[in-house]
Amino acid sequence: IFFRLVMSTQPLPPFKWPASVEEARQKCDDILAQTKEVYDKVAALTLADMSYETVVLPLLKPPNYKTNPMVAEAKFYQHCGTDPQIRKVCQENGTRLSKARVQFRMRKDVYDVLDKYAATPEAAALPETEKWFLDSLLADFKRSGLALDDAARTKLEELLAADSEACSEYSGNVANDATKVVYTRAELEGVPEDFLDSHKDDDGNIVVTLKGPDLLPVLKYCAISESRKKLMVARETAYGNNLELMDKGAKLRKQIAQILGYPTYADYIVERRMTGKVAVVTEFLSSLQAKLMEAGKRDLEALKEVKKAHMEARGEG
């Protein structure tokens, strides 16, 4: 909704993807410098200068993290860039931007200006949509720990930064994975010929990575179950230390929730979503489970019978 409201009256320029390491790094530098400039300007406002246009709108429009196309330009190539050096810098940019977002949301001087403006007659008379944006910004600052004492707030900032680093490293492990699974042509029976031809190495073997465009055709079309299993095992045992990062992230988020006074991290997250409460999510999922469990068991048995027949027909049963 941020993006739709703020950008609806502005033409959206085409994305300008970085063509070099320097350009990728500069995009992130520019975002951080521009954002700091906006926050500094808001923090310096006197009560007489406060209005929706001077307090709230600057925090919604670019270079705001959610409405700034440059954010995508600075970090998206970490997922799909063909140059490994640019991909690495874009991953670093993602970490820098995540950390910066935490730091900007912990700017007490900016929060104090928002809070003072919220107490003015003008703020009390805002239309519903504008009032929602003001309240939303205030809530974001409060959820970042600005109601905590200095020691707790410093600890929270450290935890949030560590969580951002873990998430970035996890994504980087997936994006930069170089695993290759080698097959003979016969082992990929049923896979389209054009796929096999485009993945053939100098020895005539078929080399498959764990990227989606390689993974899906093999799992969908290959008639040999052991070949599919080989690829799935490779996928489940790849991606570096991601299991350790998941464990680290879960522990960090438990501490984050505790410092902010939430029973669980899930309570912290859903508070700002449509469901609002963990109990609503749990009730919905439990009701689905009760309705779908028996049907799911029947479907699973039917699939087992289909696979059994397929393997027996091939002499693999």
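The values are calculated or read from the model by the stated rules, or taken from the named source; none is laboratory data. No experiment lies behind these values; they were computed from the predicted model shown. Note: ideal-geometry Cβ built from the backbone for every residue, glycine included; neighbour counts use all protein chains shown. Side chains are part of the model used for accessible areas, which takes the heavy atoms of the whole protein and leaves out ligands, DNA and RNA. Shrake-Rupley method; radii C 1.70, N 1.55, O 1.52, S 1.80 Å.
Structure values in brief
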item	result
Residues of region 42-71 classified as part of a helix (DSSP H, G or I) and either in contact with a Ser or Thr (Cβ under 8 Å, 6 or more places away or on another chain) or open to solvent by 40 Å² or more (accessible area, probe 1.4 Å) (or both), total	9
Out of TYR262, TYR239, sole residue that is under 25 Å from LEU188 (Cα atoms), of a type outside the set (Val, Ile, Thr) and not in a helix (DSSP H, G or I)	TYR239
Close pairs (9 angstrom Cβ cut-off, 6 or more residues apart or separate chains): over 18 Å from LYS180 (Cβ atoms) in region 223-245, open to solvent by less than 20 Å² (accessible area, probe 1.4 Å) and outside any helix (DSSP H, G or I) anywhere	ALA223/VAL191
Close pairs from region 107-124: first surrounded by 15 or more Cβ atoms within 10 Å (Cβ to Cβ), partner assigned to a loop (DSSP other than H, G, I, E, B) and of a type outside the set (Ser, Thr, Tyr), Cβ under 6 Å, at least 6 apart	VAL113/LEU45; TYR117/MET50
Selected residue (criterion: nearest to THR82 (Cα to Cα)) from residues of region 187-215 that are charged (D, E, K, R) and assigned to a loop (DSSP other than H, G, I, E, B)	LYS211
Residues of region 235-260 satisfying the condition of being within 19 Å of THR154 (Cβ to Cβ) and open to solvent by less than 60 Å² (accessible area, probe 1.4 Å)	LEU252, ILE256, ALA257, ILE259, LEU260
Region 14-25, residues that are at pLDDT 95 or above and open to solvent by 90 Å² or more (accessible area, probe 1.4 Å)	GLU22, ARG25
3 or more residues farther than 22 Å from PRO62 by Cβ and not basic (Lys, Arg): qualifying helices (runs of 4 or more DSSP H) within region 72-179	84-104, 108-118, 121-124, 150-175
Verdict on GLU312 being under 30 Å from ILE224 (Cβ atoms), open to solvent by 70 Å² or more (accessible area, probe 1.4 Å) and at pLDDT 95 or above	no
Evaluation of VAL182 against (1) modelled with pLDDT of 95 or more; (2) in a helix (DSSP H, G or I); (3) β-branched (Val, Ile, Thr) (one fails), failing number	(2)
